[in-house]
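One structure is given here, and the rest of the page talks about it.
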Amino acid sequence: MTTRPTEEEDLIATLDVGTSSIRCLIFGSQRQVVAKHQIDIKRLYPHPSWVEQNAKEIITKSTECIQGAVTELTFAGYKIEKIKGLGISNQRETTVVWDKVSGEPLYNAILWLDNRTADLAEFFVNGKGQGERDCLQDICGLPIHPYFSALKLRWLMDNVPTVREAITRNTCLFGTVDSWVIWNLTGGVESGVHRTDVTNASRTMLMDLRSLQWSEKLLDFFDIPRAVLPVIHSSSQLYGATVGTAFAGKPIAGVLGDQMASMLGHGCITPGTAKNTYGTGCFLLANIGEEVKFSKCGLLTTVAYQLGPGAKPVYALEGSVAIAGAVITWLQQNLTIIQKAEDADELANTVQDNGGIYFVPAFSGLYAPYWDTEARG
Ligand SMILES: Nc1ncnc2c1ncn2[C@@H]1O[C@H](COP(=O)(O)OP(=O)(O)O)[C@@H](O)[C@H]1O
Ligand SMILES: O=P(O)(O)OC[C@H](O)CO
């Protein structure tokens with residue numbers, strides 16, 4: 001593997017907008033990383049069980065990461081002109097609403113692991129859902145749960161007057177993090193395109209897994225206006241050209257939720273192949289092929305990827321765990337028994353065994369297979 005620049009070598013840039021950090025990596029033609037930049041991003045906890053991020057900070061830190069990677073790229077002797085396109089991956093389900101005229105977010109981003117809608121979820125399960133948490137599984141593959149975007153958007157509509165006003169004025173846009181980043185990178189109020197990809201859309205609880213379009217039934221169920229939703233694209237097509245930033249003019253040509261991106265990146269392209277990725281949370285995804293199948297024991301059905309507008313979608317079963325690396329952050333920042341993440345290993349190795357004590361980090365309840373919002377660590 002070489003990282004020596006060559007005149008002819010084409011490059012591909014990626015931006016991964018995660019829950020704990022944002023990183024920009026630029027790859028060479030041998031899939032080697034030729035430049036990278038990573039910046040941590042803060043989480044905000046305004047109330048117990050609420051988890052937010054400053055939506056503008058997501059954009060400024062993404063832009064900083066792009067700049068940092070381009071600086072490293074040119075320092076290493078590569079030419080920015082050789083970057084052929086940009087791919088985006090992102091923390092999924094996190095919900096942003098913004099005003100398309102002012103370009104301003106109407107609230108902080110509500111993160112995927114936020115639990116403020118636990119009661120709202122029960123309201124829907126026991127009301128329209130007639131006691132069945134899985135009553136929408138056949139359409140969207142998901143149980144009614146605060147994890148997914150639909151309830152977060154419903155909460156914003158019910159609790160934030162500026163969101164309601166923007167909807168009335170027809171200036172409100174909703175998006176998961178991919179949409180918010182794409183809209184900003186393609187020119188925002190001037191020329192921003194309002195788009196998402198099938199994998200991210202499959203985590204909103206508003207998309208029909210088979211048609212890959214917003215579902216009238218789901219929009220009715222949660223009473224969500226269609227006008228706020230982005231256009232759904234495949235995971236691999238032209239989304240728009242980047243305006244501004246160090247990537248100005250580069251086409252955004254691929255978008256995937258981060259867990260689906262890591263699945264594809266690990267080469268899980270045949271049914272039965274699976275991967276597990278550890279970041280803030282941890283997510284096991286298994287490729288199930290081109291037919292939708294449902295779990296009877298608490299796994300999610302989700303779109304794994306669709307490689308082009310005319311391509312058949314490939315689906316996955318997913319076991320989601322909300323807290324993985326985040327517990328290391330908790331040991332560091334809350335329990336203060338380690339200084340930095342790497343110290344956890346060393347500390348764990350100082351004891352023979354666990355003395356019979358188990359700690360389950362259910363900081364956001366328990367996800368798969370329990371989907372229990374009340375569980376606590
Ligand atoms: N050496 C390490 N050992 C264990 N956990 C780590 C280590 N380094 C970082 N982490 C944890 O991994 C998480 C960040 O991983 P990252 O891939 O940046 O997440 P994300 O994709 O969710 O933004 C943090 O919660 C951090 O505490
Ligand atoms: O930020 P990560 O890497 O833990 O991924 C978050 C997931 O996409 C949430 O569904």
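Can you say whether Glu9 is more than 16 Å from ligand 1 (Cβ to nearest atom), assigned to a helix (DSSP H, G or I), surrounded by fewer than 20 Cβ atoms within 10 Å (Cβ to Cβ) and modelled with pLDDT under 95, as far as the supplied structure shows?
No.
Out of Cys65, Cys135, Cys140, report the one residue that is at pLDDT 95 or above and within 16 Å of ligand 1 (Cβ to nearest atom).
Going through Cys65, Cys135, Cys140 in turn, the sole match is Cys65.
Does region 312-323 contain any residue that is surrounded by 21 or more Cβ atoms within 10 Å (Cβ to Cβ), of a type in the set (S, T, N, Q) and touching a helix residue (DSSP H, G or I) at 6+ places or on another chain (Cβ under 7 Å)?
No, region 312-323 has no match at all.
Quick check: anything in region 275-286 away from ligand 2 (no atom under 14 Å from the Cβ) and not aliphatic (A, V, I, L, M)?
Here is the first cut: in region 275-286, the ones away from ligand 2 (no atom under 14 Å from the Cβ) are 286.
Filter once more, keeping what is not aliphatic (A, V, I, L, M): none.
Within region 275-286 (the criterion being away from ligand 2 (no atom under 14 Å from the Cβ) and not aliphatic (A, V, I, L, M)), the answer is no, since none of the residues qualifies.
Within region 270-298, how many residues turn out to be under 16 Å from the mean Cα position of the chain (by Cα) and surrounded by 14 or more Cβ atoms within 10 Å (Cβ to Cβ)?
9
Just to be sure, is Thr242 among the β-branched types (Val, Ile, Thr) and either surrounded by fewer than 17 Cβ atoms within 10 Å (Cβ to Cβ) or within 16 Å of ligand 2 (Cβ to nearest atom) (or both)?
no
Conditions tested, residue by residue: (1) among the acidic types (Asp, Glu); (2) within 26 Å of Thr242 (Cβ to Cβ); (3) in contact with a Gly (Cβ under 6 Å, 6 or more places away or on another chain).
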| residue | (1), (2), (3) |
| --- | --- |
| Phe124 | no, no, no |
| Gln130 | no, no, no |
| Asp134 | yes, no, no |
| Cys140 | no, no, no |
| Phe148 | no, no, no |
| Met157 | no, no, no |
| Thr168 | no, no, no |
| Gly192 | no, yes, no |
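The values are calculated or read from the model by the stated rules, or taken from the named source; none is laboratory data. Just so you know, these numbers come straight off a predicted model, no measurement behind them. With ideal geometry, Cβ positions are generated from the backbone for all residues, glycine too; neighbour counts draw on all protein chains shown.
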